[in-house]
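These notes concern the structure reproduced below.
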Amino acid sequence: MKFFLQYVGCFFAFFSAGFLITSTWTDCWMVNADDSLEVSTKCRGLWWECVTNVFDGIQTCDEYDSIYAEHPVKLVLTRAMMITADILSGFGFLFLVLGLDCVKFLPDEPLIKLRICVVSGVMLLIAGLPGITGSVWYAVDVYVERSSLLFHNVFLGIQYKFGWSCWLGMAGSLGCFLSGSLLTCCMYLFRETSSGRLHSAYSLRKGYSSAATVVTNVHLPSSQTATSKMYAVDTRV
C-alpha cells in the first residue's frame, strides 16, 4: 500500500508541476470570446500577447514591456504567485523522487525516506495555495470585467474570457493539493508504523545485547578468581 501511495503521489506531483510551469509560460490566460465575424484568435498571457489567424494559422506575438515597467496589479501578483507555485512544486517533486523506495538513496534509512516524502507533500500543499489563488483570481477578474461590459451594453470591439492556460493552472494547483494530501496524511500513518517497528527491533537488539552481557559476566568470575589467586601467590613469594 505504501508503494502504491508513493507512485500515485509521484504521478500527480509530476503532472501538477508540469501543468503549473506550462500555465505560467504560455500565452492563453485570456482569449477573445467567440464571434463569427472574427478572423483571428487573440490570446493574452502573463508575459506576451499573441494573435493567430484562423485561416492560415500564422501567429504573431508581442511581448509586454519590461518587468520594471508599470503593469496592472492583477498581472504582477499573478506572475509572482505562479512563479512561487512553480518553484515549490518543482522542488516538491524532486524531494519526492528522492524519497521513493525504488530510488537508491539512503536505502538503509527507511524512516528518513518517509520523512522526505512527508516534507515533499507539505511543499506541494504550499505550492497549491499560490497556484490556485493566482489562477482563480485572474479568472474571476476576467469574468467580472466581461460581465460588467455586457451588463452595461458596452462593446469595445474585443471581449475576453479566460483561456486554457488559466484552466491548466487550476488543474495543476488541484493536483498539488491531491498529491500533497496523499503524501502528508497517508504517509504519516506509515511513518508511525515504521517507527514502531524500528523501536521494537531496537528493543530486541538491546535485549539480546544485555543477555549476552549477563552470560559473559557469569563466566568472568572464575577466570578472575584464578587470576587473583595467582597474583596472591606471587605476592606471598
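General observations
- Restricting attention to segment 7-25, the residues that are of a type in the set (Gly, Ala, Ser) and within 10 Å of residue 182 (Cα to Cα) add up to 1.
- Subset of segment 59-77 [more than 23 Å from residue 22 (Cβ to Cβ) and touching a strand residue (DSSP E or B) at 6+ places or on another chain (Cβ under 7 Å)]: none
The rows are residues; the columns are (1) closer than 22 Å to residue 2 by Cβ; (2) open to solvent by less than 40 Å² (accessible area, probe 1.4 Å); (3) modelled with pLDDT under 80.
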| residue | (1), (2), (3) |
| --- | --- |
| 66 | no, no, yes |
| 82 | no, yes, no |
| 88 | no, no, no |
| 93 | yes, no, no |
| 123 | yes, yes, no |
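- Top-ranked residue of segment 1-54 - restricted to ones that are open to solvent by 70 Å² or more (accessible area, probe 1.4 Å), modelled with pLDDT under 80 and not hydrophobic (A, V, I, L, M, F, W, C), ranked as nearest to residue 135 (Cα to Cα): 34
- Taking the criterion of being open to solvent by 60 Å² or more (accessible area, probe 1.4 Å) and closer than 16 Å to residue 49 by Cα, the residues of segment 68-80 that qualify are 72, 76.
- Count of segment 55-64 residues which are in a loop (DSSP other than H, G, I, E, B) and exposed (fewer than 13 other Cβ atoms within 10 Å of the Cβ): 4
- Test: residue in segment 71-89 that is of a type in the set (Val, Ile, Thr) and not in a helix (DSSP H, G or I): no
- Qualifying residue in segment 93-109 (condition: within 16 Å of residue 162 (Cα to Cα) and not in a loop (DSSP other than H, G, I, E, B)): no
The values are calculated or read from the model by the stated rules, or taken from the named source; none is laboratory data. These numbers were taken from a predicted model, which means no experiment stands behind them. As a convention, Cβ positions derive from the backbone with ideal geometry for all residues, glycine included, and neighbour counts pool all protein chains shown. Accessible surface is based on the protein model in full, side chains and every heavy atom, while ligands, DNA and RNA are left aside. Shrake-Rupley method; radii C 1.70, N 1.55, O 1.52, S 1.80 Å.
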